[in-house]
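Down below is the structure, laid out as structure tokens.
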Amino acid sequence: MAIQPALRRHRRPRSVSDNLVAYAFLAGGLVCFALFSWYPLVRGVLLSFQQVNFVTDPEWVGLDNFETLFADPLFWTAWRNTLLFTGLALVFGYLLPLLIAVLLNELRHFRGFFRVAVYLPVMLPPIVSVLLWQYFYDPGNGLFNTVLRGLHLPESAWTQSPRTAMISLVLVATWSNMGAATLIYLAALQNVPGELYEAAELEGASLWQRLRHVTLPQLRFVMIVLLLLQIVATMQVFIEPYQLTGTTNPDTITVMVLIYRYAFTVNHDFGLAAAMTVLLFVVLGMFSAAYLWLTRERT
């Protein structure tokens, strides 16, 4: 009986020290998160109500930045182009990774090679991928026009033409980013019980019927999550239009490109750019909340 109180006294300092170490690690993480996430967010909201160029003293202007945005024709053009890009990216970049994952899952040979080949563009820096496609799209000696000339077909201006500029950007973004979604789908397919496919085959189900009634229902949650993430990511597209078409092309200017124009090229007003960023944050937040609310019962 006398040994137990002694053991408790020895254990108590050790427990306190363990908690202190845990709190220290937790505090370090919270400080880093606050410094690099919370502070920029709060700072950006404050900048949206100021006229700031980081040369002169900032001036509080209230809602003037937002009024200036709504009066700028490029504001509505940028939102229209961003929504168009997002819609086209969903047509190509959302369904294509799923189809590729299903095909890779059906392969019996060289599966590892094709997985690496599909994921390879993701490992490249985004600017490298864009520069590669910039060579493909070059109207003079680019790869695509060289092939068209060899086939005696009419050449295209690709990124310079209003008809093909946006779809050209979508193709670059899809090729660069679909590898990650493909591997996620492929990992989800590995968790689908094989008994379901065996039962479907015994019932005489075709490949399309197995895909519709077995594969897609089993991947429903993953598809919903990836759809939300892709919409949020594509609405923040910047590198492709900036590098391929510049910041002055009204056919491809997006919200992020317009933010860059406001801050670094035309206006040199970081308060105006911050106001545009806040609006983008609000739109994405409202969309995410509405999407999660509409799909909460189906997941």
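The values are calculated or read from the model by the stated rules, or taken from the named source; none is laboratory data. Note that the structure is a prediction, hence the values are computed from the model and not measured. Note: ideal-geometry Cβ built from the backbone for every residue, glycine included; neighbour counts use all protein chains shown. For accessibility, only protein heavy atoms count, side chains too; no ligands or nucleic acids. Shrake-Rupley method; radii C 1.70, N 1.55, O 1.52, S 1.80 Å.
Observations
- Furthest towards positive pole of dipole, 247, 185, 136, structure part the chain, Cβ charges: 185
- The share of accessible area on the chain that comes from carbon and sulfur is 68 percent, using a 1.4 angstrom probe.
- Kyte-Doolittle at least 0.5, axis length at least 15 Å by Cα - qualifying DSSP helices, the chain: 73-93, 95-106, 111-123, 126-137, 165-190, 220-234, 270-295
- Rounded to the nearest 500, the 222 nm mean residue ellipticity of the chain from helices alone is -22000 deg cm²/dmol, with -39,500 (n - 2.57) taken per DSSP H run of at least 4 residues.
- Residue-normalised accessible area of the chain, given per residue in Å² at a 1.4 Å probe: 62
- Ligands, DNA and RNA aside, residue 268 has an accessible area near 100 Å² when probed at 1.4 Å.
- A simple rule links phi to the HN-Hα coupling: the Karplus curve 6.51 cos²θ - 1.76 cosθ + 1.60 with θ = phi - 60°, which for region 237-244 gives 5, 9, 4, 4, x, 5, 7, 8 Hz, with x for Gly and Pro.
- Computed from the C-beta positions of residue 191 and residue 23, the FRET efficiency with R₀ = 35 Å rounds to 0.40.
- Residues whose amide H lies under 5 Å from that of residue 51, counting only those 5 or more places away or on a different chain, are 59, 60, 61; hydrogens are built 1.01 Å from N in the peptide plane.
- Cβ crowding within 10 Å averaged over residues, with 145-157, 87-99 ranked highest first: 87-99, 145-157
- Extension gain for residue 151-residue 107 works out to 12.5 nm (0.36 nm per residue, less the C-alpha to C-alpha distance).
- Residue 251 accessible area, 1.4 Å probe, all protein chains in place, Å² to nearest 10: 60
- Point-to-point label distance, residue 127-residue 96, nm (Cα→Cβ direction, 7 Å offset): 2.4
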